[in-house]
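Quick one: structure below, then a few questions.
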Amino acid sequence: MNTKGFTEEILAELQQTLAHIDDEQAEKLVAGILQAKKVFVAGGGRSGFMAKAFVMRMMHVGLDAYVVGETVTPNLEPDDLFIVGSGSGETQSLAAMTKKAKDIGATVVAITTNPDSTIGLLGDIHIEIPAQAKADGDSGKSIQPMGSLFEQSLLLFYDAVILRFMDKKGLKSGTMYGRHANLE
């Protein structure tokens with residue numbers, strides 16, 4: 001297969017995977033973002049990169065949002081929302097953070113391929129992305145290596161959440177430029 005053929009297969013996998021996300025749970029996530037005092041997002045590895053992209057967009061629409069682990073991240077409080085993306089739902093450091101967020105009293109959103117995982121079971125809101133996690137190896141769910149399908153699906157889902165938030169708030173894309181970095 002050539003590069004264009006792989007691209008078409010990847011797009012088909014993404015469309016198939018994202019079609020299975022529970023819209024009711026996604027709406028609960030958007031409502032949680034609207035109600036939260038602050039929003040914290042965590043993820044490891046490539047899922048962490050997706051978290052950073054999501055937090056950037058939340059900042060662009062005026063939300064008080066943070067990436068967990070950055071030096072400028074404030075403390076989590078009970079009125080806050082903690083969103084964690086983990087393909088397996090078993091990443092030890094993320095599981096520990098999720099438990100602590102739950103103990104503090106924040107609303108926990110678990111986004112994973114495995115809702116019965118440690119992280120999945122801690123969630124108040126559950127977003128299952130039925131993709132191959134990196135540990136699934138050659139499960140046949142994806143032609144892509146490791147957790148690529150989950151990570152790409154996570155980014156597209158996060159972008160869709162931003163669009164839904166903007167829709168609910170009556171925001172247009174142009175309004176985001178007022179908060180875009182200007183020291184580039």
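Output the number of residues of the stretch 14-30 satisfying the condition of being surrounded by fewer than 16 Cβ atoms within 10 Å (Cβ to Cβ) and among the small types (Gly, Ala, Ser).
1
Give, as residue ranges, the helices (runs of 4 or more DSSP H) completely inside the stretch 1-116 that count at least 2 residues that are in contact (Cβ under 8 Å) with a residue 12 or more places away in the chain and among the acidic types (Asp, Glu).
In the stretch 1-116, 3-18 are the helices (runs of 4 or more DSSP H) which contain 2 or more residues that are in contact (Cβ under 8 Å) with a residue 12 or more places away in the chain and among the acidic types (Asp, Glu).
Quickly run through the stretch 17-57 and pick out the residues that are in contact with a strand residue (DSSP E or B) (Cβ under 7 Å, 6 or more places away or on another chain), closer than 14 Å to residue 165 by Cβ and hydrophobic (A, V, I, L, M, F, W, C).
Scanning the stretch 17-57 gives 26, 29, 33, 36, 39, 41, 54, 55.
Related question: Exactly one of these conditions fails for residue 142: (1) modelled with pLDDT under 95; (2) out of contact with any helix residue (DSSP H, G or I) (no Cβ under 6 Å at 6 or more places or on another chain); (3) within 22 Å of residue 18 (Cβ to Cβ). Give me its number.
All conditions are met except number (2).
Could you tell me how many of the residues in the stretch 49-87 are surrounded by fewer than 20 Cβ atoms within 10 Å (Cβ to Cβ) and small (Gly, Ala, Ser)?
3
Also, quick follow-up: For the stretch 163-179, how many residues are closer than 19 Å to residue 20 by Cα and in contact (Cβ under 8 Å) with a residue 24 or more places away in the chain?
Residues that pass the stated criteria total 1.
From the set of residues in the stretch 153-178 that are at pLDDT below 85 and surrounded by 13 or more Cβ atoms within 10 Å (Cβ to Cβ), which is nearest to residue 59 (Cα to Cα)?
That would be 176.
Take the residues in the stretch 32-48 that are surrounded by 14 or more Cβ atoms within 10 Å (Cβ to Cβ) and of a type in the set (A, V, I, L, M, F, W, C), then tell me which one is nearest to residue 85 (Cα to Cα).
42
The values are calculated or read from the model by the stated rules, or taken from the named source; none is laboratory data. What you see is a predicted model, and the numbers here were worked out from it, not measured in a lab. In this analysis, Cβ positions are derived from the backbone assuming ideal geometry, glycine residues included, and neighbour counts consider all displayed protein chains.
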